[in-house]
Structures are given as structure tokens and as C-alpha cells.
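Please read the structure below before turning to the comments.
The values are calculated or read from the model by the stated rules, or taken from the named source; none is laboratory data. Computed from a predicted structure; not experimentally measured. Positions of Cβ are generated from backbone atoms using ideal geometry, with glycine treated the same way; all protein chains shown enter the neighbour counts. Please note that ligands, DNA and RNA were not included when accessible areas were found on the heavy atoms of the full protein model with its side chains. Shrake-Rupley method; radii C 1.70, N 1.55, O 1.52, S 1.80 Å.
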Amino acid sequence: MNIRSTLDCVLAAIADPTRRAILGQLMRGPARVTDVAGPFDMSLAAVSKHVRMLERAGLVRRTRQGREHTLTLDARPLRRVVQWTSHYERFWNQRLDRLEAFFTQKRRTK
């Protein structure tokens, strides 16, 4: 998978609030799929679909021990998102600096 398709896959995965909530749960540590599904008002099958999308994006790793599936967060793919968004940081900092200067000048002229 090239960098662009990896970025697209990660962005698609984190675009959904349910998947972001799953990642938030996994930030606390590994969890069983059934435990991850607990807080959501949806079927285990629906949560499993969300988990599979996170797995495809490389954000979640699954281990199996018998019938028990344990999920672990792998945040490394989020670095690509940070790298991509950092290109826009300079742009927004310049815009916000100009906006601040505008309001500062406006206050001085009152």
C-alpha cells in the first residue's frame, strides 16, 4: 500500500465517531471485542464491522485465543495523518496571525 492509499484508509477509518470511540477505548489498553462493543447501542456484528475497518487501516491489531478476540491499538498509522496535516499548519498560523493583527489594529483605532 502506498503512502496516499494508507492515508486515505486511515482518514476513512477515523472519520466515523464510533470508530474514534473504539480507538479511545483501546488507548486505555487491550480489550476483548465484546468489552469494546459494550457501550454501543448496536449489535456485536455491527461493532465488528467497525473493528475490521480499523484493522484494514492498521490502527487495530487482533489476537485470538480460542474464541476470545483481543484488540490492541496501533497508533503508528496516525503519524501519516499528522504529517499530512502539518503541511497546513503554517498556512493556518499565518492566517490566524493576520486575523489577530487585524483585531489588534481595530482595537487601537477605537
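Each Lys and Arg contributes +1 and each Asp and Glu -1, all at the Cβ; summed about the Cα centre of the chain, the dipole is approximately 400 debye. Mean residue ellipticity, 222 nm, helices only, the chain: the sum of -39500 (n - 2.57) across DSSP H runs of n ≥ 4, divided by residue count and rounded to 500, is -21000 deg cm²/dmol.
Here the range 1-107 was treated as a single set of alpha-carbon atoms; its pair distances binned every 5 Å from 0 give 2, 11, 19, 18, 13, 10, 8, 6, 6, 4, 2, 1, 0, 0 percent. Remark: the range 2-104 carries 69 Å² of accessible area per residue (probe radius 1.4 Å; ligands, DNA and RNA excluded).
When the Debye formula is applied to the Cα atoms of the range 1-57, each taken as the same point scatterer, what base-10 log of I(q)/I(0) results at q = 0.31 Å⁻¹? Debye output, listed in q order: -1.32. Here the accessible area is traced with a 1.4 Å probe on the protein chains. For the chain, carbon and sulfur cover 54 percent of it. In the chain, a dipole from Cβ-located charges (positive for Lys and Arg, negative for Asp and Glu) runs towards its positive end, and of Phe40, Leu54, Leu7 it is Leu7 whose Cα lies farthest in that direction. Within the shell defined by Cβ-Cβ distances under 14 Å, the residues around His50 carry a net charge of +3, with Lys and Arg each +1 and Asp and Glu each -1.
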